[in-house]
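Just so it is clear, none of the values below were taken in a lab; they were calculated from the coordinates. Remember, it's a predicted structure, so these values are computed and weren't measured experimentally. Quick reminder, even Gly has a Cβ in these numbers, built from the backbone with ideal geometry, and neighbours come from all protein chains shown.
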Amino acid sequence: MSSNLATKLREGTKKAHTMAENVGFVKCFLKGVVEPTSYRKLAANFYFVYSAMEEEMERHREHPIVSKIYFSELNRKASLEQDMRYYFGNNWREQIVLSPAGEAYVQRIREISNTAPELLIAHSYTRYLGDLSGGQILKNIAQRAMNLAEGEGTAFYEFEEITDEKAFKSQYRQTLDELPIDDATADRIVQEANDAFGLNMKMFNELEGNLIKAIGQMLFNSLTRRRTRGATELATAD
Ligand code: HEM
């Protein structure tokens, strides 16, 4: 018996996906406008979010439903640790902070893990299927925009143990379809996936503020530099 969960998730989060694509920070990122401080903050938030998600998925490895969708090859915690070391240095653990939106995301993961662990599937779907879908494109954008050398700061995008991402996604979708769940549970998972998209958007929105501030600061600096240069040139001309 198929729960059709893969199709329900794809159809049921279509609107949320379009909304996520249209968040300012995401749109700027796709255009190659990547402010390194914002990027680092996002990567640090992801470190906390994936750590929580993977810890809770691991905790429910024997759960009759969650166990079926546990694929250790998807885990991102170790690769995010590598990226943290690259962006923040060896003492990265003391440097990184969880933003308020990141905190809400982590709290939600912990909460459902304690009360309705099958909803963790929604979080796994929202992040990992997204990562598998856009990973290489996003990696190339990050590399070009921040002048990163190959293999530096982009471990997050590399699924070393997955050779064929498309085939893996098909297998993941098939596993979703074969989960032993009823319609009401499937609906709750779709609802939770929409909430997961919302939590992601809130994290991006926080950074949009940073991005605007950074662009404003850059403009201000260049204007004041120009004005100072102008004044110096005038003074020299006198
Ligand atoms: C501008 C940003 C984005 C673009 C251009 C984009 C693009 C895509 C594309 C082309 C696919 C289809 C891949 C396929 O059919 O195999 C996809 C799937 C997906 N994306 Fe995104 N995406 C973006 C942002 C996001 C974000 C922010 C999230 C979640 C936080 C996300 C989550 C997903 C998920 C879960 C899927 C799998 C859909 C399914 O087949 O069920 N995406 N994305």
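What percent of all Cα-Cα pairs in the chain falls into each 10 Å bin, going from 0 up to the bin containing the maximum distance?
7, 28, 34, 17, 7, 4, 2, 1, 0
Would you mind working out the magnitude of the charge dipole of region 121-174 relative to its Cα centre, with +1 at each Lys and Arg C-beta and -1 at each Asp and Glu C-beta, to the nearest 20 Debye?
Taking the Cα centre of region 121-174 as origin, the dipole is about 320 debye.
Within a 10 angstrom radius of the beta carbon, how do 42, 119 rank from fewest other beta carbons to most? Don't jump to the answer; show the numbers that get you there.
On the way: 42 20, 119 23.
Ranked by crowding around the Cβ, least crowded first: 42, 119.
With a Förster radius of 41 Å, plug the Cβ-Cβ distance of residue 58 and residue 144 into 1/(1 + (r/R0)^6) and report the FRET value to the nearest 0.05. Before the final figure, lay out each step's value.
Working: r = 35 Å, r/R0 = 0.85.
FRET efficiency, residue 58 to residue 144: 0.70.
Excluding same-chain residues fewer than 8 positions from residue 15, which aspartates and glutamates have a Cα within less than 15 Å of its Cα?
192, 195
Between residue 226 and residue 136, what's the calculated FRET efficiency when r is the beta-carbon distance and R0 is 45 Å? Round to 0.05.
FRET efficiency, residue 226 to residue 136: 0.70.
Under a straight-distance cross-link criterion of Cα-Cα below 25 Å, which lysines are reachable from residue 8, leaving out those fewer than 8 residues away in the same chain?
Those lysines meeting the cut-off are 68, 166, 169, 202.
How much mean residue ellipticity at 222 nm does the chain get from its helices, if each DSSP H run of length 4 or more adds -39500 (n - 2.57) and you divide by all residues, to the nearest 500 deg cm²/dmol? It would help to have the intermediate numbers written out before the result.
On the way: 11 runs with 169 residues, N = 238.
My calculation for the chain gives -23500 deg cm²/dmol from helical runs alone.
Have a look at 220, 197, 48 and tell me which one the Gaussian network model of the chain (Cα, springs below 10 Å) gives the largest fluctuation.
Of the options given, 220 has the highest mean-square fluctuation.
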